[in-house]
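Presented below is the structure to which this report refers.
None of the figures in this text is laboratory data; all of them are computed from the coordinates on show. This is a predicted model, so every value here is computed, not measured. Cβ placement follows ideal geometry from the backbone for every residue including glycine, while neighbour counts extend to all protein chains displayed.
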There are 2 protein chains.
Amino acid sequence: MAGIKDVAKKANVGVGTVSRFLNNSGYVAEETKEKIRAAMRELNYTPNELARNLYRKRTGIIAILVPSISHPFFAAFLNYAEEALYAAGYKMMVCNTEKEQNAELEYLDMLNRHIVDGVITGVHTLDIEEYQKIRKPIVALDRYLGDHIPVVAVDHKEGGKLAAETLADNGCKNVLHFTGTTAVGSPYHQRHFEFNRIMEENGIRVFSYELEWNRMDPGYYQREVKRIFSGSIEFDGVFAVDGLAIACMNEALRRHLRIPEDIRIVAYDGTYLTDVVEPKVTAVVQPVKDLAEATVRLIKDMIDGNEICEKQVLLKVFLKQGETTKQGAVQK
Amino acid sequence: MAGIKDVAKKANVGVGTVSRFLNNSGYVAEETKEKIRAAMRELNYTPNELARNLYRKRTGIIAILVPSISHPFFAAFLNYAEEALYAAGYKMMVCNTEKEQNAELEYLDMLNRHIVDGVITGVHTLDIEEYQKIRKPIVALDRYLGDHIPVVAVDHKEGGKLAAETLADNGCKNVLHFTGTTAVGSPYHQRHFEFNRIMEENGIRVFSYELEWNRMDPGYYQREVKRIFSGSIEFDGVFAVDGLAIACMNEALRRHLRIPEDIRIVAYDGTYLTDVVEPKVTAVVQPVKDLAEATVRLIKDMIDGNEICEKQVLLKVFLKQGETTKQGAVQK
């Protein structure tokens with residue numbers, strides 16, 4: 001197999017010139033570049049990427065950690081992130097951390113071992129201290145991991161406000177409100193505080209249910225929802241993440257309740273699930289494509305050594321009108 | 001930073017011994033290993049993975065190509081594949097090829113450039129010839145790419161049979177049948193031939209619709225389904241992939257048709273979407289976890305240099321009884 005020396009000889013230039021060309025690490029005249037390219041073509045020379053990476057201390061790989069690859073929100077995030085990374089010349093490595101506590105630590109260690117150039121993390125199972133030790137490109141999706149790690153998230157406070165106002169404008173008096181555990185530090189929780197605040201302001205009663213963090217399987221949702229509907233609580237509104245909101249809607253339909261006449265529903269996240277079901281669910285939408293693109297932009301800047309001025313990137317949410325609330329209720 | 005020489009000195013062994021230990025490339029006594037480990041701990045030595053990979057010509061990375069990361073079937077496949085790869089000591093790189101024709105070729109080239117050790121591909125946009133040129137670990141998910149590339153798929157013929165028999169046993173006389181384009185060589189298509197054969201055998205009329213390959217967005221499905229329901233065709237049964245089957249069900253519900261009394265529906269794939277909607281959809285299920293695990297087992301064997309006896313691994317499908325067909329119809 002042809003090597004770099006053969007290419008240099010064929011192109012009639014020095015080995016250092018070919019190396020500079022391959023690693024894009026110094027000036028090479030355009031004319032010389034053309035000669036090197038021609039020699040590479042002629043010799044069918046493939047640079048050994050491993051050797052090049054060793055020299056550059058770059059692999060062009062970004063790892064993304066998510067609690068579950070198949071969850072609709074994270075699946076969409078990964079889909080858009082991969083597109084943005086690909087466009088920027090990066091490959092995406094994906095780790096599902098649901099299964100193992102160790103995985104998060106292992107991937108952070110891969111930063112030190114030069115296997116990946118950066119980590120985008122949508123999980124957080126470690127002590128914050130583990131993150132404090134690392135001075136490498138890390139961007140957090142919707143998690144607080146320390147002052148030096150930028151966070152990309154939507155304005156969840158606004159999200160909670162939109163949901164609360166929609167249910168209030170729909171005349172709800174008693175509302176079911178599902179929250180994840182607040183033990184994990186995430187901007188995500190802000191929607192709950194704002195939701196409850198506005199409900200209280202409007203004299204609307206809120207029944208709060210705290211569900212397990214990172215438990216997102218339909219079976220679990222359906223069991224919990226059935227239990228609540230079978231209980232003694234009376235309610236006319238629901239605010240919950242997509243999967244739970246849909247489970248509530250289905251349980252209501254099975255009990256021949258009318259939607260939105262008897263129960264109004266607002267989902268949070270607004271993944272495509274809310275469009276697949278019938279009736280379509282009114283939802284506060286996280287712009288997942290924008291989240292993915294902002295995250296990729298930040299990690300790229302960090303790798304390139306650009307100064308990161310933004311400690312937190314907050315993106316706008318919006319209300320997608322479905323058929324589980326009355327139309328036009330919040331057109332303010 | 002400590003290097004391999006420092007570790008050797010501290011452990012009082014030769015550099016070659018440390019190298020053999022790190023690369024797992026020859027005999028090192030257990031006692032010696034312990035001394036090396038202790039020295040590494042003491043010196044806080046992190047092996048440079050790039051240098052090790054260069055030596056081993058292995059990166060421990062497997063690339064998986066799918067048409068869309070966020071499609072429920074592929075999202076579930078990736079989730080399980082990542083778990084199986086992780087358990088086997090591999091990391092997963094993911095590429096969504098929907099966006100670019102080039103991506104497939106680029107990832108195959110990464111095999112040659114020693115960036116990935118193997119490729120699992122659930123896509124096929126290239127000429128078969130491109131694959132013929134490559135003698136590296138490649139496993140195909142549900143695609144025919146050439147004699148030397150093993151295929152993992154479910155028994156789609158059996159899947160078509162299950163669907164046909166279910167609709168026949170439910171008394172259907174006129175059935176809508178959606179197919180993808182048959183221009184791409186995939187075992188997937190066999191379900192259509194078998195479905196049509198059994199329908200004909202039973203004197204059931206089939207209206208076939210060929211949809212665009214790899215178009216899987218809910219909006220496209222909903223438009224096509226609306227068009228067909230608005231047409232002059234009368235039908236009492238539907239056989240389609242999950243998303244389309246659900247779109248048909250929703251359109252039927254909007255038109256106040258009763259399910260399963262007026263229209264019986266059998267979905268193909270049986271992703272969690274069929275459990276999220278109300279009523280739950282009867283489905284022929286592809287065991288996606290088994291598919292992922294079989295694919296990972298094969299790619300691992302190929303990388304390890306084991307002889308692959310199986311040119312094709314066919315897994316069983318099964319019928320998941322939902323509420324869109326009558327119960328017990330196919331308990332044979």
Checklist entry - Out of curiosity, is residue B:254 basic (Lys, Arg) and without any contact (Cβ under 8 Å) to a residue 12 or more places away in the chain? => result yes
Checklist entry - Can you tell me which residue in the stretch B:273-292 is nearest to residue B:324 (Cα to Cα), limited to those that are within 14 Å of chain A (Cβ to nearest Cβ), surrounded by fewer than 20 Cβ atoms within 10 Å (Cβ to Cβ) and of a type outside the set (Lys, Arg)? => result B:279
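Among the strands (runs of 3 or more DSSP E) lying completely within the stretch A:130-192, list those that include at least 3 residues that are surrounded by fewer than 23 Cβ atoms within 10 Å (Cβ to Cβ).
Details: elements: A:138-141, A:151-154, A:174-180.
It comes to A:174-180.
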Checklist entry - In this structure, does residue B:198 turn out to be hydrophobic (A, V, I, L, M, F, W, C), over 29 Å from the mean Cα position of the chain (by Cα) and in a helix (DSSP H, G or I)? => result no
Item to check | Residues that are within 10 Å of another protein chain (Cβ to nearest Cβ) and in contact (Cβ under 8 Å) with a residue 40 or more places away in the chain, drawn from the stretch B:86-125 | outcome: B:98, B:107, B:110, B:114, B:115, B:116
Checklist entry - From the set of residues in the stretch A:218-244 that are touching a Leu at 6+ places or on another chain (Cβ under 9 Å) and of a type in the set (Gly, Ala, Ser), which is surrounded by the most Cβ atoms within 10 Å (Cβ to Cβ)? => result A:237
Checklist entry - For the stretch B:253-267, does any single residue satisfy the condition of being within 12 Å of chain A (Cβ to nearest Cβ), on the phi < 0 side of the Ramachandran plot, under 17 Å from the mean Cα position of the chain (by Cα) and not hydroxyl-bearing (Ser, Thr, Tyr)? => result no
Next on the checklist: Taking the conditions exactly as written (within 18 Å of residue A:263 (Cβ to Cβ) and aromatic (Phe, Trp, Tyr)), does residue A:235 satisfy them or not?
Outcome noted: yes
